[in-house]
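Everything below concerns the one structure shown next.
The values are calculated or read from the model by the stated rules, or taken from the named source; none is laboratory data. Please read these numbers as outputs of a predicted model, since none were measured by experiment. Note that we place each Cβ from the backbone using ideal geometry, even for glycine, and neighbour counts take in every protein chain shown. Areas reflect the complete protein model, heavy atoms only, side chains present, ligands, DNA and RNA absent. Shrake-Rupley method; radii C 1.70, N 1.55, O 1.52, S 1.80 Å.
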Amino acid sequence: MPDLLLELRSEEIPARMQRKAAGDLRKMLTDGLVEAGLTYEAAREYWTPRRLALDIRGLTARSKDIREEIKGPSTTAPEQAVQGFLRKAGLSSIAEAHVHSDPKKGDFYVAHISKPGRAAQEIIAELVPGIIKSFPWPKSMRWGPASAKPGSLRWVRPLQSIVCTFGPETEEPVVVDFEIDGIRARNVTYGHRFHAPGPIAVRRFDDYVAKLEAAKVVLDADRRKEIILHDARNIAFANGLDLVEDEGLLEEVSGLVEWPVVLMGEFEQDFLTIPGEVIRLTIRANQKCFVTRPQGAGEDLSNRFILVANIEASDGGMEIAYGNGKVVRARLSDALYFWKTDQADLPDLDQLGGSAAKFGLDMKKPLDQRMARLDHLNVTFHAKLGTQGQRVERIKRLAQELAPIVGADSALVARAAVLAKADLQTEVVGEFPELQGAMGRKYALLQGEHASVAAAAEEHYKPQGPSDRVPTDPVSVAVALADKLDTLTGFWAIDEKPTGSKDPFALRRAALGVVRILIENRIRLALTSVLAKVFANFKGGADQSFDLLAFFHDRLKVYLRDQGARYDLIDAVITPQSDDLLQIVRRVEALGSLLDTEEGKNLLAGTKRAANILAAEEKKKTLIAETVEPALFREDAEKKLYAAVNRAEKEAGQAIQNEDFSGAMLALSVLREPVDSFFEGVLVNDEDQTVRANRLALLARIRAATDQVADFSKIVG
């Protein structure tokens, strides 16, 4: 079967766009081919900085002939219905339709449609120009004289050539002929911009890849990544160093080169006085280079860095490495200036007294000065939620209220909350916002803060994603919870909740952070009362504690499902009023353990049977006694079940009061045998209305007993 090779070659495509663009091209073309009636065996996309390529194998040479019948209206239908049928079927007159008869429905029109198959080349030649013109680049441009015309071609960078060949492996492939804005599809591509800029004739994918490789172009992005990583590790090892690996940077750099050449540069040792994170980010952001560290030296960096060039230089890359080193030195000089400036007194120190007094700041300390300035400048947190200074005040009050609950020292919590946002006014964080928190911790340690206070400056932002660790130091926990709860209640108060996939303030992440901090630190917290107090901080905003609590429930469900918990067990345990997330988790765990046993499975079947009978009778408004009357029992099974329910209800209730949810489940599990015996030997719907009402009341007692721990009706099985 024929194979298709497509290449769209252009000026350099931004690295961040390449992988998605190649995937979009594959999906758009394969979807179009299938929709046109073709099938294929396999498709894979490739990309370099200057090209997107597709290799589609086993494509059918022609789409199938199509014969279909379109049923129309009755022959006696009004003219409007007939005209609608003609439009749908593509007929010019009713004379082109056929009349079919049905014994029940009478005569009706039918259109017999025949569509001959089309050659794959014709379909491809029609599809590709449309895909190119409608391609979903985040940003695109027009160029050249044609750009002045309406509807002219747009591409991420100027499109230079198109390769499109099609044919079976045993024959010479043909060029699929089409043109778009003066660029005609051919079987000619071009290699590396400097090493092999001349034209290269290609036939199909295999020789296309081989000829590109000979022309200094590695087509496969994953292979370019492997080359870079392998060579970077080797050159570092050869110099007594370890590469500090960075998957995100590796992905980006592989999108900057077609022929990766790994080199090593260096900078002066003096710059190593700058924190490693700052050095790494400076070199990464400005030069897209990797840093290294001496072998066995822990976290300390070396003064050597790894760069990736796109050419094999005649001098072995010495001039390239030297040029990169010059730029790195200039950028590190800036970073060193920022680092030293952040540890010096602020020039406007005399204006910060009011803010210093408000927060009890020590103005001899650099980080305290930055907090005073943050408040003094009235830096806005959000237009409707006030300044950063006001927010710090709220976080401090809430964190101190949470301190005894999480086992933290109240004075340390207050100090940590006051300094947590101070590094937002530092020069380093201004240059590298991603270092907020990390720099706060470093500066706090430099000015002699307690280790827990310093840790909280960084850890109160955590966790920042599902794989990020949660803070465990009680001071960090208190400030982290206060920070996230203040954010959530604030945005709820101004009705800025997440909608659909939109969550511009990362409120889902904040809520999941609260969930993980509470559960993974085994912290008991009555959220409803805490939320009500926090909502009171926002004047004019309604108390939406229960609405926000429902949002926490949603995040908790996501978290527990990721941990492997069954969705039905979670739903069975959570009620709209459940505000102790750790207790919910313990109930789910205990319920899961019970249902893993035969007693649990049988108890579930019995209680669900009782609940179903009750629901049906309640729907029919059948009389159900308010209390169970033992004098009306006729069968031993009734008496045994009644005694068992009384005992289980009491023991389970006591266990729940003691928060022994496993014990509560165990107490309920003894109902298994008496429930089974009851349904085997007792007819609930007795002819005597009084007896029936009493038996239904007994079933209601079973439901009430089990409802203490979970709503068994929501459990699947």
| remark: How many residues of region 187-216 are in a loop (DSSP other than H, G, I, E, B), in contact with a Lys or Arg (Cβ under 8 Å, 6 or more places away or on another chain), open to solvent by less than 30 Å² (accessible area, probe 1.4 Å) and in contact (Cβ under 8 Å) with a residue 24 or more places away in the chain? The answer is 3
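For every residue, the table says whether it meets (1) in contact with a Leu (Cβ under 7 Å, 6 or more places away or on another chain); (2) aromatic (Phe, Trp, Tyr).
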| site | (1), (2) |
| --- | --- |
| Ile519 | yes, no |
| Arg522 | yes, no |
| Ala526 | no, no |
| Ser529 | no, no |
| Ala536 | no, no |
| Ser545 | yes, no |
| Leu549 | yes, no |
| Phe552 | yes, yes |
| message | Tell me whether region 310-323 contains one or more residues that are surrounded by 13 or more Cβ atoms within 10 Å (Cβ to Cβ), closer than 13 Å to Phe267 by Cα, under 36 Å from the mean Cα position of the chain (by Cα) and at pLDDT 95 or above. | response | no
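Yes or no, residue by residue, for (1) closer than 27 Å to Ile519 by Cβ; (2) surrounded by 22 or more Cβ atoms within 10 Å (Cβ to Cβ):
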{"position": "Ala416", "(1), (2)": "yes, yes"}
{"position": "Glu427", "(1), (2)": "no, no"}
{"position": "Ala438", "(1), (2)": "yes, no"}
{"position": "Gln447", "(1), (2)": "no, no"}
{"position": "Glu459", "(1), (2)": "yes, yes"}
| Check on Val82, more than 24 Å from Ile123 (Cβ to Cβ), assigned to a helix (DSSP H, G or I) and of a type in the set (Val, Ile, Thr) | yes
| message | Take Asn612 and tell me if it is more than 18 Å from Asp707 (Cβ to Cβ) and within 43 Å of the chain's Cα centre (by Cα). | response | no
| Filter result for Asp543 (in contact with a helix residue (DSSP H, G or I) (Cβ under 8 Å, 6 or more places away or on another chain) and open to solvent by 10 Å² or more (accessible area, probe 1.4 Å)) | yes
| request: Considering (1) more than 16 Å from Ala710 (Cβ to Cβ); (2) surrounded by fewer than 17 Cβ atoms within 10 Å (Cβ to Cβ); (3) among the small types (Gly, Ala, Ser), say which one Ala644 fails and leave the rest. | output: (2)
| said: Can you find, within region 254-295, the residue that is most open to solvent (accessible area, probe 1.4 Å) among those that are farther than 25 Å from Lys442 by Cα and either out of contact with any helix residue (DSSP H, G or I) (no Cβ under 6 Å at 6 or more places or on another chain) or acidic (Asp, Glu) (or both)? | reply: Glu266
| request: Find the strands (runs of 3 or more DSSP E) located wholly in region 96-174 whose residues include 1 or more that are at pLDDT 95 or above, of a type outside the set (A, V, I, L, M) and buried (at least 17 other Cβ atoms within 10 Å of the Cβ), and list them. | output: 159-167
| query | Can you pull out the residues in region 665-697 that are over 24 Å from Glu598 (Cβ atoms) and either surrounded by 22 or more Cβ atoms within 10 Å (Cβ to Cβ) or in contact with a Leu (Cβ under 7 Å, 6 or more places away or on another chain) (or both)? | reply | Val684, Gln689, Thr690, Val691, Ala693, Asn694, Arg695, Leu696
| Taking region 209-223, which residues are farther than 17 Å from Pro49 by Cβ and of a type outside the set (Gly, Ala, Ser)? | Lys211
